[in-house]
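*Asks:* Take this structure first; my questions come after.
The values are calculated or read from the model by the stated rules, or taken from the named source; none is laboratory data. Since the model is a prediction, treat every value here as computed from it, not as a measurement. Note: ideal-geometry Cβ built from the backbone for every residue, glycine included; neighbour counts use all protein chains shown. Keep in mind that these areas ignore ligands, DNA and RNA; they rest on the heavy atoms of the full protein, side chains included. Shrake-Rupley method; radii C 1.70, N 1.55, O 1.52, S 1.80 Å.
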Amino acid sequence: MPYGSLFSHLKQLLDDFTGANVEMVAELMQVAGRFLYRLPETHTRADNMSTVRARFLALLHTCTLVCAL
């Protein structure tokens, strides 16, 4: 799979960050994240996607805590 295609799919998953997409993003980042981060041609893009993912997860965690109250 070309790198651009992989990032396109990852962006689609992040755009609809609900249900199974959360798990798919986590698995994709766990499996391919380090590889993409270490490649010079994909480093910047992988870093940006990782930052976005971390923000989404923090927001999801916050919402879960608020809903539990």
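*Asks:* Of everything in segment 38-53, what is open to solvent by less than 100 Å² (accessible area, probe 1.4 Å), assigned to a helix (DSSP H, G or I) and at pLDDT 85 or above? Give them in sequence order. Write out each step before concluding.
*Replies:* Applying the first criterion (open to solvent by less than 100 Å² (accessible area, probe 1.4 Å)) to segment 38-53 yields 39, 42-44, 46-53.
So of that shortlist, the ones also assigned to a helix (DSSP H, G or I) come out as 43-44, 46-53.
Selection gives His43, Thr44, Ala46, Asp47, Asn48, Thr51.
*Asks:* Tell me, please, whether a residue that is surrounded by 14 or more Cβ atoms within 10 Å (Cβ to Cβ) and without any contact (Cβ under 8 Å) to a residue 60 or more places away in the chain can be found in segment 58-68.
*Replies:* no
*Asks:* Being assigned to a helix (DSSP H, G or I) and surrounded by 10 or more Cβ atoms within 10 Å (Cβ to Cβ) is the filter here; which residues of segment 5-22 pass it?
*Replies:* Leu6, Phe7, Ser8, His9, Leu10, Lys11, Gln12, Leu13, Leu14, Asn21, Val22
*Asks:* How do the pairs read when you match residues in segment 21-36 that are within 17 Å of Leu57 (Cβ to Cβ) and without any contact (Cβ under 8 Å) to a residue 24 or more places away in the chain with residues anywhere that are open to solvent by 30 Å² or more (accessible area, probe 1.4 Å) and among the small types (Gly, Ala, Ser), using Cβ under 7 Å and keeping only pairs 6 or more apart or on different chains?
*Replies:* Gly33/Ser50
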